[in-house]
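The next block holds one structure in the form of structure tokens; read it before the comments.
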Amino acid sequence: MKNKKTGAGWLSNSYIALIMIFLYAPILVLMIYSFNESKSRSGWAGFSLHWYRELFKNDAIISALLVTLFVAFVSAILATVIGTLAAIGIQSMKSSSKTAIMNFTYVPVVSPEIVMGVSLMLLFVLLRMESGLITLVLAHVTFNLPYVILSVMPKLRQMDKHLFDAAMDLGCTPGMAFRKVMLPEIMPGIITGFLMALTFSLDDFNVSYFVSGDKFQTLPILIYSMTRRRVSPEINALSAIIFVIVLLVLIIVNVQDARREKQLRRKEAALNE
Amino acid sequence: MRSRITAAPYLLWAVLFIVIPLVLVAVFAFTNTGGGFTLENFKNSADYAPVIFNSIWLSMIATAICLVIAYPLAYVISRRSAGSQRTMIMLIMLPMWMNFLLRTYAWMTLLENNGLINKLLGFLGLGPFEMINTQGAVVLGMVYNYLPFMILPLYSVMVKIENSLVEAASDLGCSASDTMKHVLLPLSMPGVTTGIIMVFVPSVSTFVISRMLGGGSFMLIGDLIEMQFLGNAYNPNLGAAISMVLMFIILICMALTNLFKDPEEKEGLLL
């Protein structure tokens with residue numbers, strides 16, 4: 001019996017390893033090539049930081065980065081505010097209209113991004129709005145809103161309905177009750193929603209591509225135009241930097257989570273004594 | 001609580017930027033450049049039937065491959081200790097945080113005629129194989145980019161299936177395949193349907209993967225639409241009609257997988 005178990009364990013370990021190699025090998029190759037002196041991808045011409053220097057000299061990349069960050073933060077903040085208010089409103093609706101609106105909220109989530117892109121493009125053309133920062137922000141808020149609503153809703157459902165009423169009975173104005181009672185309860189959902197909106201926005205290509213125009217390129221759009229030229233080793237350097245940043249952020253978040261969990265457990269243990 | 005009114009800005013936003021644009025797509029699809037009603041656009045999009053069927057076919061292959069790879073993986077991960085589960089899920093999500101253009105570009109470099117894979121095969125005395133600019137490369141790109149979308153929903157349902165259930169089934173005389181058929185599969189079905197949608201929808205509507213790994217030698221629906229709006233073939237009316245065809249395909253796919261069961265269940269899976 002035990003033998004069989006370790007046999008299966010070996011099999012599952014190697015299966016996981018295989019998938020991880022599949023997921024990471026391409027990225028690692030890209031990162032290794034970012035240190036390649038030569039422009040060609042076929043040979044290794046020695047270690048160099050040449051492409052990193054080129055990357056930081058490239059004004060187009062720096063300005064695309066700024067556009068991306070601006071659009072991401074503005075649209076994530078707007079989506080968080082509108083989405084949180086929407087979730088609160090939807091939560092207090094009758095169950096039938098609640099279901100209807102929630103089903104409607106899924107439309108942008110499940111519909112293909114390219115359709116959202118071209119439909120918004122048609123709207124902006126019809127309204128004679130010039131493609132640029134404003135159209136980018138409008139589009140990003142639109143696809144971010146569902147994610148904020150979907151992260152805040154579960155927290156609202158978990159909250160005791162009577163807490164808000166109790167606060168009002170005890171003399172809170174609705175605004176105070178919102179700030180002192182409801183907001184702290186649903187804050188984790190709001191933060192999750194904001195972070196999701198931010199990452200979706202930073203990452204978006206399919207919608208931005210149709211509404212960005214020529215003047216304002218986001219980073220993904222610039223990357224796309226760079227891949228059109230067959231060889232552009234700066235992309236390798238850029239990938240390596242992005243990968244390291246993402247890795248660091250995830251590690252920090254996970255370590256903090258683990259630490260918080262440990263503290264919580266210690267507190268629980270202390271209380272139980 | 002009388003706070004229904006706070007949903008008003010969202011509803012206004014949704015009407016302005018989701019409903020009206022979609023109505024516009026429909027209007028464009030049913031009109032000609034002069035604005036008169038016509039079915040010509042749909043008739044013309046029928047000319048592209050081979051492209052449309054090819055897109056559906058390639059996306060179905062990619063979705064099937066993802067399911068076959070992800071199902072055992074999700075199960076194996078869900079049987080691990082909590083800490084190990086968290087690490088693995090993080091490792092699976094990490095590549096998703098890199099832009100998909102960069103991930104696809106990585107495969108471009110690997111699959112090239114003088115790329116790393118052909119180099120390695122060369123050492124073994126094989127090849128070089130023509131890998132880039134083939135349909136296989138496009139399917140590979142879809143699988144690579146969207147595999148995590150299949151793994152995560154499958155994992156989130158499987159982690160809720162208790163080990164004792166599987167053990168009980170085998171104690172009661174189920175063979176491994178019976179346990180699979182009668183216990184695991186029914187319980188993991190919501191994850192399977194979500195995973196299929198989450199892989200199929202972006203696959204069937206992509207225009208980047210086909211262009212980067214297919215080299216523009218053949219087109220998918222996404223390329224067709226993009227060409228009508230931003231490309232040389234500028235014709236938003238035809239593009240709108242093809243967009244409607246695309247949405248129709250996706251609706252059929254969803255009806256088939258019956259996603260609209262329980263909104264609260266879906267919510268848990270998507271997040």
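Readers should treat all values here as calculations from the given coordinates under stated rules, not as data from a laboratory. Predicted model, so just to flag it, every value in this text is computed and none were measured. Cβ sites come from the backbone with ideal geometry, for glycine too, and all protein chains shown count toward neighbours.
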Two-site label geometry, B:N163 and B:L187: point separation in nm, points 7 Å out along Cα→Cβ: 1.3 nm
Mean ellipticity per residue at 222 nm, deg cm²/dmol - from DSSP H runs of n ≥ 4 across chain B, formula -39500 (n - 2.57): -22000 deg cm²/dmol
Footprinting exposure proxy for B:I221, B:I92, B:I117 (fewest neighbouring C-beta atoms within 10 Å first): B:I117, B:I92, B:I221
DSSP-loop GluC sites (Glu not before Pro) across region A:38-143, with at most 16 other Cβ within 10 angstrom: A:E130
Value of relative contact order over chain A, rounded to a whole percent, pairs C-alpha under 8 Å and six or more apart: 29 percent
Exposure proxy ranking, count of Cβ atoms within 10 Å, fewest first, for A:T173, B:T31: A:T173, B:T31
Rg and Dmax of region A:60-232, Cα atoms only, in Å: 18.9, 68
Rounded Å value of the spacing that divides the Cα centres of region B:225-241 and region B:48-95: 32 Å
Over chain B - Rg/Rh using Cα atoms and the Kirkwood inverse-distance radius: 1.04
MRE, 222 nm, helices only [DSSP H, n ≥ 4, -39500 (n - 2.57), over chain A, to nearest 500]: -27000 deg cm²/dmol
With Cα atoms, 0 to 90° folded angle of helix A:219-228 axis to chain A main axis: 30 degrees
Mean separation of Cα contacts under 8 Å (6+ apart) over length of chain B, as relative contact order %: 26 percent
Unit Cα scatterers, Debye sum, the protein assembly as shown: log10 I(q)/I(0) for q = 0.11 Å⁻¹: -1.13
18 Å cut-off, amide nitrogen to a point 7 angstrom out along A:E185 Cα→Cβ, residues in region B:1-25: B:1-7
Dimensions in Å of region B:1-76 - Rg and Dmax from alpha carbons: 21.2, 59
GNM result for chain B, Cα springs below 10 Å: residue of B:L213, B:L22, B:L246 fluctuating most strongly: B:L22
Residues B:C174, B:C66, B:C253 arranged by fewest to most Cβ contacts within 10 Å: B:C174, B:C253, B:C66
Listed residue pairs exceeding 32 Å between alpha carbons, taken from A:K39/A:K215; A:K215/B:K43; A:K94/A:K267; A:K262/B:K160; A:K98/A:K215: A:K215/B:K43; A:K94/A:K267; A:K98/A:K215
